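J.: One structure follows; several queries about it will come next.
The values are calculated or read from the model by the stated rules, or taken from the named source; none is laboratory data. Since we're looking at a predicted model, the values are computed, not measured. Heads up, the Cβs are rebuilt from the backbone with ideal geometry, glycines too, and the neighbour counts pull from every protein chain shown.
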Amino acid sequence: MEIFQLIGIALITAVATLILKGTKPELAVAVTVAGSIILLLTAFETLRGSISIFGEIASATGIDASLVKILLKMIGIGYLVEFSAGILSDFGQNSLADKLVFCGKILILVLAVPILESVLSLIVRLLGLIK
């Protein structure tokens with residue numbers, strides 16, 4: 001199972017970082033970043049096989065595929081920003097982490113505009129049918 005692989009990577013990274021923190025703090029930062037990247041890549045590899053399911057759902061329900069793509073981008077931005085902000089917080093950069101989270105929210109808001117347009121268009125069509 002992938003979760004055990006992810007936990008193993010995280011624990012090895014944490015132990016290596018703790019060992020290096022006392023003798024070579026600059027290497028501890030590099031090990032933390034490298035471990036985080038390996039975790040992220042491993043998780044993305046697991047996710048990659050499941051992405052096609054969203055396309056199947058879109059075609060089965062009649063939802064525009066571009067809207068599903070936008071939703072996936074929004075989810076991806078949210079996860080990446082949270083992950084990156086966590087790393088920044090680990091390094092004591094809480095202010096920078098907060099600004100990254102804010103910028104991520106702005107990007108998600110910008111991506112949400114076509115979805116909002118689609119929902120409003122659907123409401124207008126439904127109201128036209130009710131009259």
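J.: Looking at A43, A65, which is the one that is among the aliphatic types (A, V, I, L, M), touching a Ser or Thr at 6+ places or on another chain (Cβ under 8 Å) and at pLDDT below 95?
T.: Of the residues listed, the single one that is among the aliphatic types (A, V, I, L, M), touching a Ser or Thr at 6+ places or on another chain (Cβ under 8 Å) and at pLDDT below 95 is A65.
J.: Return a yes/no flag: does the stretch 31-48 have any residue that is free of Cβ contacts under 8 Å to residues at least 24 places away in the same chain, more than 20 Å from the chain's Cα centre (by Cα) and under 23 Å from E2 (Cα atoms).
T.: Residues of the stretch 31-48 that are free of Cβ contacts under 8 Å to residues at least 24 places away in the same chain, as a first pass: 31, 34, 37, 41, 44-45, 47-48.
Subsequent filtering for residues that are more than 20 Å from the chain's Cα centre (by Cα) retains 31.
Retained after the next criterion (residues that are under 23 Å from E2 (Cα atoms)): 31.
There is at least one residue in the stretch 31-48 that is free of Cβ contacts under 8 Å to residues at least 24 places away in the same chain, more than 20 Å from the chain's Cα centre (by Cα) and under 23 Å from E2 (Cα atoms).
J.: Scan the stretch 6-24 residue by residue and report those that are loosely packed, with under 14 Cβ neighbours inside 10 Å and either assigned to a helix (DSSP H, G or I) or of a type in the set (D, E) (or both). Before the answer, list the steps.
T.: Quick first cut of the stretch 6-24, residues loosely packed, with under 14 Cβ neighbours inside 10 Å only: 7-8, 11-12, 14-15, 18-19, 22-24.
Scanning the stretch 6-24 gives I7, G8, L11, I12, A14, V15, L18, I19, G22, T23.
So that you can scan it fast, the table gives a plain yes or no per residue for (1) assigned to a helix (DSSP H, G or I); (2) outside the structural domain of I3 (by TED's automatic domain parsing):
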position: L41; (1), (2): yes, no
position: V68; (1), (2): yes, yes
position: I77; (1), (2): yes, yes
position: L80; (1), (2): yes, yes
position: S84; (1), (2): yes, yes
position: G92; (1), (2): no, yes
position: I115; (1), (2): yes, yes
position: R125; (1), (2): yes, yes
position: L129; (1), (2): yes, yes
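J.: Another one. Just name the residue that is surrounded by the most Cβ atoms within 10 Å (Cβ to Cβ) out of those in the stretch 85-131 that are modelled with pLDDT under 90 and among the small types (G, A, S).
T.: The extreme case among them is S118.
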